[in-house]
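The values are calculated or read from the model by the stated rules, or taken from the named source; none is laboratory data. No experiment lies behind these values; they were computed from the predicted model shown. Methodologically, a virtual Cβ is constructed for each residue, glycine included, from the backbone with ideal geometry; neighbour enumeration extends over all protein chains shown. When the accessible area is computed, the model is the full protein with side chains, heavy atoms only, and any ligands, DNA or RNA have been set aside. Shrake-Rupley method; radii C 1.70, N 1.55, O 1.52, S 1.80 Å.
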Amino acid sequence: MLRLTARRVEAVKGRQLEAAINLRDARSGASTGFSQAARYAPAMGLLFQVFPADDGLPSLPAAVDGSEMVAVLEAALASHAGGGRLQAVEARVMRYRPERKCVLRYDLTWADGKVVGAPSVVWARLARRTKFEGTRDILSRVHARAAGVGFELPQPLGLVPEFAMELFGAVPGVVLVDLVQSSEFPALCRRVGESLCRFHALPVEVKKVLDVAAQLVRLEKNAVAFRWLLPAERERIAAVERELTARLRARAPSPRRLIHGDFHGDNVLVADGRLMLLDLEDCAMGEPADDVGSIWAHLTWHVRKAAARSALPEAGRRAFREGYLEGADASTAACLPTYAAMHCFLYAHQCLRHPLDPARFDDARAMLAVCEAVLDHGLP
């Protein structure tokens, strides 16, 4: 697979980045199959990069090279391998967000066959240096406190600081929303709500803060792009943004608690009745209703897709909310409609960022309408 990325850069900086990336690529010895790993196109104002060259993730070429990762992973996993020697590594890219992060799966072959305690599969998350430094200990700290929450977390396996890489164990399971037509879906959603409420009560503090000021910055940034992508609804989008801004500012500050920061149905796996929670790198100290509103909006999208064909998505959404609110405090319950509306707004914008989806405009307008309905009438 050939992966090309492009981003807008002004001419002087574009030429400088082109030279710096190509110099780094030449020194690393990595091969992209092209004469240059990066090329700036002044007529378009775009800097192109050929994977694995990535200005934001300079260690990516080495991270996807199995032969180079043998010694790196052997050292990083030494405490889990009982002195075993790593013979071979196969690297697979599982998720890639250019200049932000890359999630990799490593299949490991140990020289002495099956080494007791040594993993045969390891997952890794490569991040920007600043992101890595701020999140490197989140998984290990939450994992140590998570017993009894209801979610199982990936096992922390170590760090590769020079690569800005975090290693963790494989997690089995099926994505929660892939079970949306299963008769078990409502009961699973209720358990997710109950487990999320207990997660929010964990005595863990992290560096990142997602307060109202940060929420307003996120909202404004998304609203600008939303209007640009859907110009026919500019006034409608602006009106919703103003209302959400006013409601967020009117909320009395509540005690900050640990939140997941990216809680949706794709980050929860189900395996033999167990619930697995993924992607904790966005954990922050913030308002728990932010997580609740996020997955409520995601479930709402599935409710809309099911329409009259099935009542299971709606039953799941209702069960999740009931499960969470059963143990939640009054302040979280009071601000949930505002956060649910905000996440419907953010989700509407996200629908437009899939240019090959022919339903993206209908989906965006539908989620925007849900947002307006929640603001006018509260949660259904």
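What pairs can you find where one residue is in segment 248-262 and closer than 20 Å to His143 by Cα, the other is in a loop (DSSP other than H, G, I, E, B) and open to solvent by 80 Å² or more (accessible area, probe 1.4 Å), and their Cβ atoms are less than 8 Å apart, with a gap of 6+ or different chains?
So the pair list comes out as Leu258/Glu205; Gly261/Lys208.
Scan segment 143-163 for residues that are assigned to a helix (DSSP H, G or I) and among the aromatic types (Phe, Trp, Tyr) and jot them down.
Result: Phe163, single match.
If you check Ala78, Ala38, which single one turns out to be surrounded by fewer than 17 Cβ atoms within 10 Å (Cβ to Cβ) and among the hydrophobic types (A, V, I, L, M, F, W, C)?
Testing whether each residue is surrounded by fewer than 17 Cβ atoms within 10 Å (Cβ to Cβ) and among the hydrophobic types (A, V, I, L, M, F, W, C) leaves just Ala78.
Is there any pair with a first residue in segment 307-321 that is in contact (Cβ under 8 Å) with a residue 60 or more places away in the chain and a second that is assigned to a loop (DSSP other than H, G, I, E, B) and among the aliphatic types (A, V, I, L, M) whose Cβ atoms are under 7 Å apart and which are 6 or more apart or on different chains, and what are they?
Pairs that qualify, where the first residue is in contact (Cβ under 8 Å) with a residue 60 or more places away in the chain and the partner is assigned to a loop (DSSP other than H, G, I, E, B) and among the aliphatic types (A, V, I, L, M), are Leu312/Val180; Pro313/Val180; Gly316/Val180.
So in segment 41-53, with the set limited to residues that are open to solvent by less than 30 Å² (accessible area, probe 1.4 Å) and of a type in the set (Gly, Ala, Ser), which one is modelled with the lowest pLDDT?
So the residue we want is Ala53.
Tell me, which residue of segment 138-151 that is of a type outside the set (D, E, K, R) and in contact (Cβ under 8 Å) with a residue 40 or more places away in the chain is surrounded by the fewest Cβ atoms within 10 Å (Cβ to Cβ)? Steps first, answer last, please.
So the first thing to find is which residues in segment 138-151 are of a type outside the set (D, E, K, R), and the list is 138-140, 142-144, 146-151.
Within this subset, residues satisfying the condition of being in contact (Cβ under 8 Å) with a residue 40 or more places away in the chain are 138-139, 142, 146, 148-151.
Working: Ile138: 22, Leu139: 23, Val142: 22, Ala146: 20, Gly148: 8, Val149: 20, Gly150: 18, Phe151: 21.
Looking at the filtered set, the residue picked out is Gly148.
State which residue is most open to solvent (accessible area, probe 1.4 Å) when the search covers only segment 54-67 and only residues that are farther than 16 Å from Ala111 by Cα, of a type outside the set (A, V, I, L, M) and free of Cβ contacts under 8 Å to residues at least 60 places away in the same chain.
Pro58
Of a type in the set (A, V, I, L, M), touching a Leu at 6+ places or on another chain (Cβ under 9 Å) and either within 13 Å of Gly173 (Cα to Cα) or open to solvent by less than 10 Å² (accessible area, probe 1.4 Å) (or both) - does that describe any residue in segment 298-305? Break it down stepwise before answering.
Step one: of segment 298-305, the residues of a type in the set (A, V, I, L, M) are 299, 303.
Then drop every residue that is not touching a Leu at 6+ places or on another chain (Cβ under 9 Å), which leaves none.
Taking every residue of segment 298-305 in turn, none turns out to be of a type in the set (A, V, I, L, M), touching a Leu at 6+ places or on another chain (Cβ under 9 Å) and either within 13 Å of Gly173 (Cα to Cα) or open to solvent by less than 10 Å² (accessible area, probe 1.4 Å) (or both).
Residues are listed down the side, and each one gets a yes or a no for (1) under 20 Å from the mean Cα position of the chain (by Cα); (2) open to solvent by 20 Å² or more (accessible area, probe 1.4 Å); (3) farther than 30 Å from Ala364 by Cβ:
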| position | (1), (2), (3) |
| --- | --- |
| Ser120 | no, yes, yes |
| Phe132 | yes, no, yes |
| Arg136 | yes, yes, yes |
| Leu153 | yes, yes, yes |
| Val160 | no, no, yes |
| Ala164 | yes, no, yes |
| Gln181 | no, yes, no |
| Glu184 | no, yes, yes |
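I need the full set of residues from segment 88-98 which are of a type outside the set (Phe, Trp, Tyr) and either surrounded by 14 or more Cβ atoms within 10 Å (Cβ to Cβ) or free of Cβ contacts under 8 Å to residues at least 24 places away in the same chain (or both), in order please.
Ala88, Val89, Ala91, Arg92, Val93, Arg95, Arg97, Pro98
Filter segment 356-368 down to the residues that are of a type in the set (Gly, Ala, Ser), surrounded by 14 or more Cβ atoms within 10 Å (Cβ to Cβ) and without any contact (Cβ under 8 Å) to a residue 12 or more places away in the chain and list them by number. Explain how you work it out, then say what you get.
Taking segment 356-368 as the starting set, the residues that turn out to be of a type in the set (Gly, Ala, Ser) are 359, 364, 366.
Applying the additional criterion that residues be surrounded by 14 or more Cβ atoms within 10 Å (Cβ to Cβ) yields 364, 366.
Of everything in segment 356-368, nothing turns out to be of a type in the set (Gly, Ala, Ser), surrounded by 14 or more Cβ atoms within 10 Å (Cβ to Cβ) and without any contact (Cβ under 8 Å) to a residue 12 or more places away in the chain.
Residues Phe151, Phe185, Phe163: which one is under 26 Å from Arg257 (Cα atoms) and modelled with pLDDT of 95 or more?
Phe151
Any idea which of (1) outside any strand (DSSP E or B); (2) among the hydrophobic types (A, V, I, L, M, F, W, C); (3) in contact (Cβ under 8 Å) with a residue 40 or more places away in the chain is the one Val115 doesn't satisfy?
(3)
For Arg353, state whether it is in contact (Cβ under 8 Å) with a residue 12 or more places away in the chain, in contact with a Lys or Arg (Cβ under 9 Å, 6 or more places away or on another chain) and among the basic types (Lys, Arg). Before you say what the answer is, go through the steps one by one.
On the way: in contact (Cβ under 8 Å) with a residue 12 or more places away in the chain: yes; in contact with a Lys or Arg (Cβ under 9 Å, 6 or more places away or on another chain): yes; among the basic types (Lys, Arg): yes.
Considered against the rule, which asks whether it is in contact (Cβ under 8 Å) with a residue 12 or more places away in the chain, in contact with a Lys or Arg (Cβ under 9 Å, 6 or more places away or on another chain) and among the basic types (Lys, Arg), Arg353 comes out as yes.
What are the residues in segment 310-335 that are in contact with a Lys or Arg (Cβ under 7 Å, 6 or more places away or on another chain), within 12 Å of Val192 (Cα to Cα), buried (at least 19 other Cβ atoms within 10 Å of the Cβ) and not small (Gly, Ala, Ser), if any?
Passing the criteria: only Phe320.
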